[in-house]
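Q: Attaching a single structure in structure tokens format; questions to follow.
The values are calculated or read from the model by the stated rules, or taken from the named source; none is laboratory data. Just so we're clear, the structure is a prediction, and the values are computed from it rather than from any experiment. Here the Cβ positions follow ideal geometry from the backbone for every residue, glycine too, while neighbour counts run over all protein chains shown.
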Number of protein chains: 2
Amino acid sequence: MQDNPVNKLFEKRVSWLADSGPEDDIAISSRIRLARNLCDLPFPSNASTEHLDSSTAAVLLAVEKLKIFKKFYEIDMSKLSALDRQVLLERRLISREFYAKKQNTALIMTDDEICAIMINEEDHLRMQAILSGLRLGEVWKIIDRMDDRLSTELPFAFDVNLGYLTSCPTNVGTGIRASVMLHLPGLVLCEQINAVIQAVNKLGLAVRGIFGEGTESLGNLFQISNQSTLGETEVQIIDRLESVIRQIINHEKNSRQKLLHNRREFLMNHIGRAFGILRHSYIVSSEETLNSLSALRLGVDMGMFSSVDIHTVNELFVTVQPGHLQKYAGKEIDPSERDIFRATLIRERLKSSEKK
Amino acid sequence: MQDNPVNKLFEKRVSWLADSGPEDDIAISSRIRLARNLCDLPFPSNASTEHLDSSTAAVLLAVEKLKIFKKFYEIDMSKLSALDRQVLLERRLISREFYAKKQNTALIMTDDEICAIMINEEDHLRMQAILSGLRLGEVWKIIDRMDDRLSTELPFAFDVNLGYLTSCPTNVGTGIRASVMLHLPGLVLCEQINAVIQAVNKLGLAVRGIFGEGTESLGNLFQISNQSTLGETEVQIIDRLESVIRQIINHEKNSRQKLLHNRREFLMNHIGRAFGILRHSYIVSSEETLNSLSALRLGVDMGMFSSVDIHTVNELFVTVQPGHLQKYAGKEIDPSERDIFRATLIRERLKSSEKK
């Protein structure tokens with residue numbers, strides 16, 4: 001295992017935020033996770049330390065032997081500080097559960113942060129691939145190939161009738177969780193978001209906040225994902241999700257046009273004030289930041305701020321989080337100091353963005 | 001009488017806001033008003049239309065004959081629109097009572113707006129002189145000379161025991177009302193303003209908002225003036241007022257230093273956000289504007305905004321008022337449209353201020 005690879009993440013931008021992609025004014029990123037287990041070992045929740053060591057060793061060996069990834073890191077999670085684990089969580093490389101678990105867990109992640117495998121989360125393997133924009137098809141190709149190749153070395157628990165076996169019955173079958181993160185400020189401002197969420201839920205899809213299950217939709221960011229993993233093929237699940245996503249994107253576009261035509265000053269005021277706060281405040285909470293960034297992003301999408309780079313705004317969604325802030329500061333800082341440091345960082349980023 | 005001289009006011013800046021003066025970081029302006037009545041006519045409240053015409057004619061004749069002012073306007077108030085009267089009120093050239101009275105009243109004002117005489121307000125004459133900064137002595141010289149010269153032509157009502165006679169007993173004696181407008185954001189932010197107001201009141205001085213009696217202290221602007229007009233000479237009244245003003249100015253300076261040293265981020269945040277709102281909002285109320293301008297002015301005084309011209313900020317206090325806004329717009333506009341127009345005007349003024 002290498003010396004703290006989390007520090008290396010700070011040398012470059014978050015690819016799923018800094019890159020472009022189809023519909024990336026509204027669709028921030030597309031992600032697919034697959035749950036897999038090894039048939040010759042008990043599920044992690046039921047496993048001894050030896051069992052967990054075995055599953056970790058087996059996955060690491062397979063990844064190394066198969067040379068699936070060009071450049072990647074193997075991370076022993078028990079050796080990471082809480083702060084480093086938080087950074088991985090904020091970059092969406094690990095789940096909340098994995099962040100909390102820590103013992104006998106390991107993470108494999110590629111240098112470009114597109115692929116990752118959590119070992120011994122709820123299942124032995126939780127693979128993920130993530131790309132910017134609406135690119136579920138591409139993401140599926142990447143993760144499907146990863147899965148295919150790993151299956152040549154790892155004996156995945158599979159039942160002919162049920163499909164892939166998982167710790168939690170909700171994942172049984174395909175073990176797939178495909179999700180797209182959407183930025184929906186238009187629907188929120190038009191107060192149509194609840195109607196959209198209800199409609200999406202009725203279609204058997206889940207709507208969550210930026211950091212997954214149980215988190216609020218801060219910054220008007222919503223993750224839409226499939227709920228059921230049984231009864232359809234992976235491609236059917238992805239296609240159905242994508243068709244709903246495209247409808248939501250159209251609704252969002254309509255809302256923005258409606259606001260621009262019917263409530264222009266209201267919209268400009270909302271966006272302008274958010275920019276004013278981000279560009280000129282000296283104390284700003286995480287929540288106010290995310291909501292202001294949302295408005296600024298909307299403004300950039302609508303061409304209001306030619307001087308502000310959209311990728312700078314995108315990345316700020318992640319870099320203003322507590323873990324990232326403390327890594328930038330090089331030390332742990334308490335919440336009230338963080339609000340000051342956050343404001344400083346945002347002012348500087350936006351200022352340097354303007355100069356370009 | 002000339003064609004609408006109110007329009008001419010818009011060709012130049014408000015002198016008591018645009019000029020510099022001693023202590024002008026805190027003392028915006030110094031003003032003295034003198035109440036005088038003609039002994040051969042009943043007080044305005046008791047006068048017939050003919051009486052009022054006579055007093056108007058007498059004052060106009062005296063001013064013209066004595067050539068007191070180089071360049072001045074004579075304004076028949078009954079011929080002015082409500083909007084034009086409001087502009088005069090916002091520029092502090094007339095009182096609220098005079099604004100409302102309108103019939104059989106006239107205004108004499110100099111081209112530089114330093115001197116004005118309201119004819120047939122509560123008294124036959126209400127003269128005023130106003131200068132930027134803390135300059136009560138200079139203002140007194142100007143108005144004392146005006147009074148002396150007018151008295152050579154006009155028979156002022158005077159009693160050897162009581163002094164000058166006035167409509168309201170509170171003005172009897174010297175008939176003087178000297179006031180200094182102070183900008184006290186430091187004392188407000190430190191929550192010491194109420195203690196200061198109470199102390200000032202105990203010294204027999206009055207504290208009022210920007211537009212005189214009964215108005216709130218919007219924008220952290222406070223007018224401090226003498227209450228009593230009897231028992232002291234004009235110079236004693238002015239000296240006593242000035243010495244209290246100097247103490248308040250010192251308190252304000254101390255508060256600002258305290259904030260800067262003990263609560264730096266709080267202060268910078270307060271100021272930065274205010275600038276952000278003024279520079280980037282598209283809808284802004286009069287109240288939010290005045291409070292934000294107050295914070296911005298504090299920031300400029302403290303050297304935080306080298307690019308923003310203090311006189312631009314000063315003038316905005318007046319030009320964002322409803323009357324001025326509607327004159328700029330060239331038409332009457334309702335309050336919600338005004339909030340939009342106000343924001344536009346402020347954004348443009350601050351933007352052009354930055355370019356200089």
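Q: Does B:Glu315 fit the bill of being crowded, with 17+ Cβ neighbours inside 10 Å and within 10 Å of another protein chain (Cβ to nearest Cβ)?
A: Considered against the rule, which asks whether it is crowded, with 17+ Cβ neighbours inside 10 Å and within 10 Å of another protein chain (Cβ to nearest Cβ), B:Glu315 comes out as no.
Q: OK, next. Run A:Phe158 past the list (1) farther than 20 Å from A:Ile117 by Cβ; (2) of a type in the set (A, V, I, L, M, F, W, C); (3) surrounded by fewer than 16 Cβ atoms within 10 Å (Cβ to Cβ) and report the number of the one that doesn't hold.
A: Answer for A:Phe158: the failing condition is (1).
Q: Pairs needed: first member in segment A:231-249, hydroxyl-bearing (Ser, Thr, Tyr); second member anywhere, buried (at least 19 other Cβ atoms within 10 Å of the Cβ); C-beta distance under 9 Å; at least 6 residues apart or different chains.
A: Sorted first by the residue in segment A:231-249, then by its partner, the pairs are A:Thr233/A:Thr174.
Q: OK, next. Whether any residue in segment A:313-327 is over 21 Å from the mean Cα position of the chain (by Cα) and either under 22 Å from A:Ser132 (Cα atoms) or outside any loop (DSSP other than H, G, I, E, B) (or both) is what I want to check.
A: No, the conditions are met nowhere in segment A:313-327.
Q: Mind listing whichever residues of segment A:42-61 are touching a residue at least 12 places away in the same chain (Cβ under 8 Å) and either basic (Lys, Arg) or buried (at least 19 other Cβ atoms within 10 Å of the Cβ) (or both)?
A: Within segment A:42-61, A:Phe43, A:Pro44, A:Leu52, A:Ser55, A:Thr56, A:Ala58, A:Val59 meet the criteria.
Q: Is segment A:301-308 home to any residue that is part of a loop (DSSP other than H, G, I, E, B), of a type in the set (Gly, Ala, Ser) and touching a helix residue (DSSP H, G or I) at 6+ places or on another chain (Cβ under 8 Å)?
A: yes
Q: Now, a different point. Hey, among B:Glu332, B:Glu337, which residue is assigned to a helix (DSSP H, G or I), of a type in the set (Asp, Glu) and either surrounded by fewer than 21 Cβ atoms within 10 Å (Cβ to Cβ) or within 14 Å of chain A (Cβ to nearest Cβ) (or both)?
A: Going through B:Glu332, B:Glu337 in turn, the sole match is B:Glu337.
Q: Filtering segment A:340-356 down to residues that are in contact (Cβ under 8 Å) with a residue 60 or more places away in the chain and buried (at least 19 other Cβ atoms within 10 Å of the Cβ), which residue is nearest to the other protein chains (Cβ to nearest Cβ)?
A: Taking the candidates together, the pick is A:Ala343.
Q: Return yes or no: is B:Ser336 at pLDDT 95 or above and not assigned by TED's automatic domain parsing to the domain that holds B:Lys12?
A: no
Q: Give the number of residues within segment B:250-273 that are without any contact (Cβ under 8 Å) to a residue 60 or more places away in the chain, more than 13 Å from A:His280 (Cα to Cα) and hydrophobic (A, V, I, L, M, F, W, C).
A: Here the count works out to 1.
Q: Then there's this: Only residues that are within 30 Å of B:His251 (Cβ to Cβ) and among the charged types (D, E, K, R): list them for segment B:14-54, please.
A: Within segment B:14-54, B:Asp19, B:Glu23, B:Asp24, B:Asp25, B:Arg31, B:Arg33 qualify.
Q: Of the conditions (1) part of a helix (DSSP H, G or I); (2) touching a residue at least 24 places away in the same chain (Cβ under 8 Å), A:Gly276 satisfies every one except a single condition; which number is it?
A: (2)
Q: Whether any residue in segment B:268-277 is crowded, with 24+ Cβ neighbours inside 10 Å, more than 10 Å from chain A (Cβ to nearest Cβ) and at pLDDT 95 or above is what I want to check.
A: No, because not a single residue in segment B:268-277 is crowded, with 24+ Cβ neighbours inside 10 Å, more than 10 Å from chain A (Cβ to nearest Cβ) and at pLDDT 95 or above.
Q: Would you call A:Arg31 touching a helix residue (DSSP H, G or I) at 6+ places or on another chain (Cβ under 7 Å), of a type in the set (D, E, K, R), surrounded by 20 or more Cβ atoms within 10 Å (Cβ to Cβ) and touching a residue at least 40 places away in the same chain (Cβ under 8 Å)?
A: It is true that A:Arg31 is touching a helix residue (DSSP H, G or I) at 6+ places or on another chain (Cβ under 7 Å), of a type in the set (D, E, K, R), surrounded by 20 or more Cβ atoms within 10 Å (Cβ to Cβ) and touching a residue at least 40 places away in the same chain (Cβ under 8 Å).
Q: Now a separate question. For A:Pro169, work out the one condition from (1) free of Cβ contacts under 8 Å to residues at least 24 places away in the same chain; (2) touching a strand residue (DSSP E or B) at 6+ places or on another chain (Cβ under 8 Å); (3) surrounded by fewer than 21 Cβ atoms within 10 Å (Cβ to Cβ) it doesn't fulfil.
A: Against the list (1) free of Cβ contacts under 8 Å to residues at least 24 places away in the same chain; (2) touching a strand residue (DSSP E or B) at 6+ places or on another chain (Cβ under 8 Å); (3) surrounded by fewer than 21 Cβ atoms within 10 Å (Cβ to Cβ), A:Pro169 comes up short only on (2).
Q: Of all residues in segment A:132-155, which are of a type in the set (Gly, Ala, Ser) and either part of a loop (DSSP other than H, G, I, E, B) or buried (at least 16 other Cβ atoms within 10 Å of the Cβ) (or both)?
A: Keep residues of segment A:132-155 that are of a type in the set (Gly, Ala, Ser), which gives A:132-133, A:137, A:151.
Of everything in segment A:132-155, those that are of a type in the set (Gly, Ala, Ser) and either part of a loop (DSSP other than H, G, I, E, B) or buried (at least 16 other Cβ atoms within 10 Å of the Cβ) (or both) turn out to be A:Ser132, A:Gly133.
Q: Within the bounds of segment B:249-263, is there any residue that is under 16 Å from B:Leu350 (Cα atoms), within 14 Å of another protein chain (Cβ to nearest Cβ) and not aliphatic (A, V, I, L, M)?
A: Just the residues of segment B:249-263 that are under 16 Å from B:Leu350 (Cα atoms), to begin with: none.
No: zero hits.
Q: Which residues, counting only those in segment B:282-311, are without any contact (Cβ under 8 Å) to a residue 12 or more places away in the chain and within 14 Å of chain A (Cβ to nearest Cβ)?
A: Across segment B:282-311, the qualifying residue is only B:Glu288.
Q: State the number of residues belonging to segment A:316-338 that are acidic (Asp, Glu) and closer than 20 Å to A:Gly272 by Cα. So that I can check it myself, show each step before the final result.
A: Within segment A:316-338, the subset acidic (Asp, Glu) is A:332, A:334, A:337.
This time we only want the ones that are closer than 20 Å to A:Gly272 by Cα, so: none.
Residues in segment A:316-338 being acidic (Asp, Glu) and closer than 20 Å to A:Gly272 by Cα: 0 in total.
Q: If a residue has to be acidic (Asp, Glu), under 19 Å from A:Ile28 (Cβ atoms) and surrounded by fewer than 23 Cβ atoms within 10 Å (Cβ to Cβ) to count, how many in segment A:87-117 make the cut?
A: Here the count works out to 2.
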